[in-house]
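Participant: Here it is: the structure, laid out below.
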Amino acid sequence: MKSGAITDVPVAPVSPRRFEEVLGNDGYAALVPEIERASERLRDRVVWHVSSTARGGGVAEMLRSHLSYVRGAGVDARWVVIGGDAPFFEVTKRLHNNLHENDGDGKPLDAAAGRIYEDALAAAAVELAGIVRPGDVVFLHDPQTAGLAGPMRAAGARVLWRCHIGIDRPGPTARGAWDFLRPFVLEAEAWIFSRREFIWDGLDDSRVWLVPPTIDAFSPKNQDLSDDAVSAILAASGLTGSDPVAPPTFTRTDGSPGRVNRAARIEADGPLDREASVIAQVSRWDRLKDPSGLLEVFADHVESQEASLLLVGPDVEAVDDDPEGAAVLAEVRAGRLALPEETRGRVHLVSLPMDDIEENAAMVNAIQRCADVVVQKSLAEGFGLTVAEAMWKRRPVVAGRVGGIQDQIVNGVSGVLVDDPADLPSVGAAINGLLDDPRRAGEMGIAARERVTSEFLAIGRILDYFRHIEALID
């Protein structure tokens, strides 16, 4: 189903039984009765999820994985993506930035912005109302879709708004953005946040639920890869410039074989040296992720003269809801070109193709696994699933003590938290400490894997998901 207003995103069902590999027979068996009860309770309802994009970013990644297991559990869960024109996505990007206490494009969230926002969502509201039935459950994800809460309630649906972003200490800019958003959000019946610090004022606390995001251990982004497979995928993507030692293959979500066929867009003076230490950050090209800041850290504060830096993000032309991506990549590109020749030669800008989402995920998997240190130098962060993904791969992570990142990393045990990610020397010192002490880095990687296993795997959150839907229905 596709139109100018909404697009259906197909999701293949995957049985939750595969989690027996991680939880063991007894652990999984304890979950089966709850899964069966929930699927029976929701038998006559459709659970809709509405987002602004199906690719690029943690929300799309999580939805694709989460809904496959929900469908595999016997629940009719569906995913649709809203359309929008350039002015709509400019307003929603401004809203996103302002909610993180960032001025963004500097323009106001005024009445004119409100009209753009509501007018763009009007067509999606009409189309959704035509397929949503009374009693269905609708999850609206993030600020882009909040304006659909009222129309979906009017259509007889039970509506939840899921906020994946937030800020620990909101200032006047963030509070102004919340004032813009509040009337739309209050139309929902319940609200889900990633962490308590992100809950905004004016909401009934009895209808607020906390649900930290999770990763799918079996997705192409997180599944185990042999060293040969990692080398082959890096070669196929064009990073190493060498011939693959094995086929660049991976396993798709549905269990079928996949292969990396497309090359990334790489801006570098030469191939990646696999013998040298690798520092990597994987994120959108977004100023809040501060790739330019990490570039400066690498140039001025990383002591190793042999280490390489990989700054990795999506092909900016393929991410519909982020109009600033191309500008941020251009800034990073200019920063790289301004570096001394020797330093510039060790910096690689990597834009991954988005034509095949699972192929893209396999590339991210291989890049994180080839890294000696993974960095997430976010200045603000809703949760930052890329941190948990790297931790799952036993990689030591250096990250800012912001948002949900600090919920994932136990500082000094399963990673290193930098109190102020804008403090470039401190970020550099944290990276140097891990590069100089491989034993400590390895122990930290093992602890990171254990942390994700106990706290951030998808199966536990699926049960929370069912319980919250049932609570809403009741």
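The values are calculated or read from the model by the stated rules, or taken from the named source; none is laboratory data. Values in this document were obtained by computation on a predicted structure and should not be read as measured data. Virtual Cβ from ideal backbone geometry, glycine too; neighbours counted across all protein chains shown. Each accessible area value is taken on the protein alone, full model and side chains, heavy atoms only, with ligands, DNA and RNA left out. Shrake-Rupley method; radii C 1.70, N 1.55, O 1.52, S 1.80 Å.
Participant: Go through Ser454, Ser242, Ser237 and list them by solvent-accessible area, largest first, probe radius 1.4 Å. Present the calculation step by step, with values, prior to reporting the outcome.
Facilitator: Values: Ser454 80, Ser242 60, Ser237 5 Å².
From most exposed to least exposed: Ser454, Ser242, Ser237.
Participant: Accessible area, 1.4 Å probe, largest first: how do Ile279, Ile131 sort?
Facilitator: My answer, sorted largest first, is Ile131, Ile279.
Participant: For the chain, take the longest principal axis of its alpha carbons; what is the angle in degrees between that and the long axis of helix 357-370, to the nearest 10 within 0 to 90?
Facilitator: Here the helix axis deviates by roughly 40 degrees.
Participant: Sort His301, His164 from largest to smallest accessible area, using a 1.4 Å probe on the heavy atoms of the protein chains.
Facilitator: Putting His301, His164 in descending order of accessible area: His301, His164.
Participant: For the stretch 185-234, what relative contact order do you get, as a whole percent, if you take Cα pairs closer than 8 Å and at least 6 residues apart?
Facilitator: It comes to 31 percent, rounded to a whole number.
Participant: A further question on this structure: Where the centroid of each part is defined by its Cα atoms, how far is the stretch 78-106 from the stretch 284-300 in Å?
Facilitator: Taking the Cα centre of each part, the stretch 78-106 and the stretch 284-300 sit 22 Å apart.
Participant: Suppose we keep just the DSSP beta bridges with both residues in the chain; what percent of those would be antiparallel, to 5?
Facilitator: About 20 percent, rounded to the nearest 5.
Participant: Roll a 1.4 angstrom probe over the protein heavy atoms and tell me the percent of accessible area of the stretch 51-193 that is carbon or sulfur.
Facilitator: Roughly 52 percent, rounded to a whole number.
Participant: Express the relative contact order of the stretch 282-424 as a whole percentage, based on alpha carbon pairs under 8 Å and six or more residues apart in sequence.
Facilitator: Value for the stretch 282-424: 24 percent.
Participant: List the lysines whose Cα lies under 18 Å from the Cα of Lys107, skipping any in the same chain that are fewer than 8 positions away.
Facilitator: Here the lysines satisfying the reach criterion relative to Lys107 are Lys93.
Participant: Rounded, prolate or oblate: which fits the stretch 411-455 when a ≥ b ≥ c are the square roots of the eigenvalues of the alpha-carbon gyration tensor, with rounded for a/c under 1.5 and prolate only if a/b beats b/c? Before the final figure, lay out each step's value.
Facilitator: Working: a/c = 4.02, a/b = 1.49, b/c = 2.71.
Cα axes put the stretch 411-455 in the oblate bin.
Participant: For helix 325-337, what angle does its Cα long axis make with the longest principal axis of the chain, in degrees from 0 to 90 and rounded to 10?
Facilitator: Between helix and principal axis, roughly 10 degrees.
Participant: Given a Förster radius of 22 Å and the C-beta distance between Ile473 and Ala154 as r, what FRET efficiency does 1/(1 + (r/R0)^6) yield to the nearest 0.05?
Facilitator: On the way: r = 18 Å, r/R0 = 0.83.
Working from the Cβ atoms, E equals 0.75.
Participant: Roughly how tilted is helix 58-72, in degrees to the nearest 10 and between 0 and 90, from the longest Cα axis of the chain?
Facilitator: 60
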